[in-house]
Amino acid sequence: MNRIAKAFALGATALGATTLATAVAAPADAVPSNHSVYVAQNCEGLSPNIIDIPYYGGMSVTQEQSGTINIHYGNPSVWGYRSVGTMSWKNLRTGAHGTLPLKVDHSLGSNGFGALLKSGTGTIRLTTRAVNHGPLLTLAAPTCSGTVHAR
């Protein structure tokens with residue numbers, strides 16, 4: 001099912017329900033190569049606009065230098081909204097960790113959030129936590145987490 005069809009299906013389901021539930025995030029493991037890897041790819045929830053492209057909390061990860069990963073977070077929205085939260089990381093081999101603030105304006109033309117992390121080599125756990133603010137609703141986004149191997 002394409003993203004727009006999913007958006008309408010999610011919106012219709014939400015409008016018929018009396019309460020809104022937060023989506024459950026599933027972890028994803030990946031090893032970067034010369035291509036981008038999507039971490040936490042099964043993590044999606046409602047946009048605060050309800051009838052919109054669903055919220056995706058996963059991150060696209062690339063690597064060009066040893067011990068450093070590039071992260072991109074954010075997805076498009078037809079109507080626009082803002083995500084505010086954190087992106088945290090932890091190197092499971094060394095214990096090094098950190099947290100970055102997230103502030104992303106979602107629209108059809110937005111570039112999202114980007115970060116260059118000097119994480120060191122090994123398995124890196126990445127986690128996003130956000131609250132999505134729309135013109136009418138504010139919804140907690142699912143916590144999205146997954147791992148990537150930095151070489």
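The values are calculated or read from the model by the stated rules, or taken from the named source; none is laboratory data. Computed from a predicted structure; not experimentally measured. FYI the Cβ positions are ideal-geometry reconstructions off the backbone, even for glycines, and counts take in every protein chain you see.
Results, tabulated for the structure shown:
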read-out	value
Strands (runs of 3 or more DSSP E) completely within region 35-132 that count 3 or more residues being under 15 Å from residue 150 (Cβ atoms)	59-65, 68-73, 81-91, 113-117
Filtered residues of region 108-130 (kept if exposed (fewer than 14 other Cβ atoms within 10 Å of the Cβ) and either closer than 15 Å to residue 81 by Cβ or of a type in the set (D, E, K, R) (or both))	108, 109, 118
Members of region 133-151 found to be surrounded by fewer than 20 Cβ atoms within 10 Å (Cβ to Cβ) and not in a strand (DSSP E or B), listed by number	134, 135, 136, 137, 143, 151
All positions within region 127-145 that are farther than 14 Å from residue 77 by Cβ and within 10 Å of the chain's Cα centre (by Cα)	127, 128, 129, 142, 143, 144, 145
Every residue from region 87-129 that is of a type outside the set (A, V, I, L, M, F, W, C) and in contact with a Cys (Cβ under 9 Å, 6 or more places away or on another chain)	127, 128, 129
Only one of 108, 139 that is closer than 18 Å to residue 50 by Cα, at pLDDT below 95 and of a type outside the set (Gly, Ala, Ser)	108
